[in-house]
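To start, the structure itself, in structure tokens.
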Amino acid sequence: MKLRLLSLFVSFLLTTALYAEYFKHIGLSEGITQPSVMAIYQDQLGRMWFGTREGINLYDGNQMKVFKGWTKLPGNAPSVWLGNEVSFIAGDRQGDIYFLIENDLIKYNIQTEQFIRLSEGHHIQALTSYEDDVWYMRYDSLFCRKPNEPDLTFVLKTEINSSIICLTLLDDKICIGTRNGAYLFDRAGKSWDHILKGIEVYRIFESSQKELWLGTRMHGLYRMKKDGELAEVPYMPGSSKGISSQQIREFVEDNEGNIWFGTFDGLQKYSSDTQQYSLIQIPRYVGGLNHPSIFSLYKDIQGTIWIGSYFGGVNYFTPQHESFVHYDYGNNATKNVYYSYIGDIILDKDEHVWLSTDGGGISCTDKNWNMLQQFTAGGSNSLPHNNIKSVCYDEKNNCLYIGTYLGGLIAL
């Protein structure tokens with residue numbers, strides 16, 4: 001039975017044609033300390049910084065260097081406590097890098113290669129950079145840290161009484177996402193709009209066309225045009241006219257003006273030419289995404305897009321036509337299904353194997369791994385959600401109990 005389970009990871013492939021970007025992967029085997037990558041940044045030397053839930057990872061293209069917990073500094077400098085869980089990374093014009101780690105601010109001096117703890121008490125809620133200065137929220141107040149200035153610049157007291165999730169600076173606005181909607185302040189802080197009340201706004205992004213994209217934790221995607229008109233993007237899984245997930249985590253714009261956004265269910269793209277949406281999900285092919293739940297996106301100086309997932313490390317790709325790879329599974333693939341994260345595996349009294357996946361529903365095969373049935377969300381044999389957390393088999397009643405993420409418990 002163990003040999004059969006091991007063979008599952010190399011034999012399961014999808015049986016539909018697919019056009020997709022080719023992704024390269026950086027994971028635990030390349031030295032990442034933890035597969036949940038929550039923030040990504042490129043420094044002035046071209047190195048990539050990955051913020052995980054277990055420290056900072058610095059990647060120079062060949063090897064990974066790790067900083068977490070108590071970190072020893074070069075020379076005789078005393079060790080500094082960095083913490084572990086990284087949520088934001090930003091940089092200033094001098095090349096120094098700032099990390100929001102467990103709600104405290106940590107600075108990395110790129111010249112001395114030393115970390116400096118800039119705050120205590122876990123009071124900083126959001127971090128960003130604008131015009132090469134570093135900005136952050138402490139409680140409900142906005143501060144700016146400029147290079148070569150020893151003192152912080154106090155900018156604005158917002159009086160926001162809801163937990164702050166994200167901060168975005170624009171030419172004419174200060175945008176703050178909270179658990180109770182988004183606040184859009186003018187740069188002087190004298191007037192503001194409070195939109196999407198009652199909705200947790202997770203990310204706010206401005207495109208090159210000066211259009212605002214607002215991603216929410218559980219309530220989909222919104223777009224605000226330059227004239228201030230706010231509209232909800234339709235939730236239409238499987239359609240090019242809307243989004244395929246209600247959980248929107250991060251945005252990036254490629255060099256051709258397309259908007260990419262990370263969701264719980266995969267990487268989605270909005271084409272600026274066709275004004276259509278498309279979705280790339282968990283790997284169903286060699287060179288695919290390694291996990292569907294995406295938390296961080298970053299475009300480097302060469303136009304490569306880096307993707308941090310919740311449990312699959314880092315993927316990166318170049319979103320240009322010449323990098324597209326065509327996989328024609330109708331002609332070349334086997335008849336099984338592949339998902340890189342398999343959860344519970346159950347053998348029923350008929351010797352059918354039931355496999356739960358993180359993103360692909362639940363599959364039933366015979367003992368030779370021939371597919372018998374596939375159960376996914378939205379289909380004729382529908383599950384409430386494709387992320388299966390646990391499966392339990394009731395042999396007496398020949399019944400399968402399935403626990404899903406956000407979809408509750410069902411019996412099959």
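Between the amide H of Asp344 and those of Ser356, Val391, distances stay under 5 Å, these residues lying 5 or more places away or on another chain, with hydrogens modeled in the peptide plane.
Each label point was placed 7 Å from the Cα along the Cα-to-Cβ direction; for Glu54 and Asn255 their separation is 3.6 nm. With an a/c value of 1.5 or above and a/b not larger than b/c for the gyration tensor axes a ≥ b ≥ c computed over the alpha-carbon atoms, the range 79-162 is described as oblate. Note on Glu159 and Asn62: the model spin-label points, each 7 Å out from Cα along the C-beta direction, lie 5.7 nm apart. Heavy-atom accessible area with a 1.4 Å probe sorts His25, His122, largest first, into His122, His25. Figure legend: label point modelled 7 angstrom from the Cα of Tyr130 along Cα→Cβ; residues of the range 159-188 with amide N under 17 Å from it are 159-160, 164-178, 182-188. Can you list, bin by bin at 10 Å, the percent of alpha carbon pairs in the range 90-215, starting at 0? All Cα pairs, binned at 10 Å, distribute as 13, 45, 33, 10, 1 percent.
Please work out whether the range 156-226 counts as rounded, prolate or oblate from its C-alpha gyration tensor, where a ≥ b ≥ c are the square roots of the eigenvalues and a/c under 1.5 means rounded, while otherwise a/b larger than b/c means prolate and anything else oblate? Oblate shape, in that a/c is at least 1.5 and b/c is the bigger or equal ratio. Across the range 167-183, coupling constants 3J(HN,Hα) worked out from phi with the 6.51/-1.76/1.60 Karplus curve, θ = phi - 60°, read 9, 9, 9, 10, 4, 10, 9, 10, 10, 10, x, 9, 6, 10, x, 10, 10 Hz, and Gly and Pro carry x.
In loop segments of the range 110-170 as defined by DSSP, the chymotrypsin sites (Phe, Trp or Tyr not before Pro) with at most 16 further C-beta atoms inside 10 Å of their C-beta are Tyr139. Extension gain, Lys349-Glu149: 0.36 nm per intervening residue step, less the Cα-Cα distance, totals 64.9 nm. On full extension, the segment bounded by Lys367 and Leu170 gains 65.1 nm, given 0.36 nm per residue less the C-alpha separation.
Each 5 Å bin from zero holds the following percent of Cα-Cα pairs in the range 35-118: 3, 16, 28, 28, 19, 5, 0. Determine the sum of side-chain charges near Glu120: Lys and Arg each +1, Asp and Glu each -1, restricted to other residues whose C-beta is under 14 angstrom from that of Glu120. Result for the local shell: +1. Across Met236, Met48, the residue with the most accessible area heads the list, and the full order at a 1.4 Å probe is Met236, Met48. Extending 7 Å from the Cα toward the beta-carbon at both Ser271 and Glu232 defines two label points whose distance is 2.7 nm.
Across the range 346-377, the residues whose backbone nitrogen lies under 20 Å from the label position 7 Å along the beta-carbon direction of Glu395 are 346-356, 365-368.
The values are calculated or read from the model by the stated rules, or taken from the named source; none is laboratory data. Everything numeric here is computed off the predicted structure, so don't read it as measured data. Note: ideal-geometry Cβ built from the backbone for every residue, glycine included; neighbour counts use all protein chains shown. All accessible areas refer to the heavy atoms of the entire protein, side chains included, with ligands and DNA or RNA removed. Shrake-Rupley method; radii C 1.70, N 1.55, O 1.52, S 1.80 Å.
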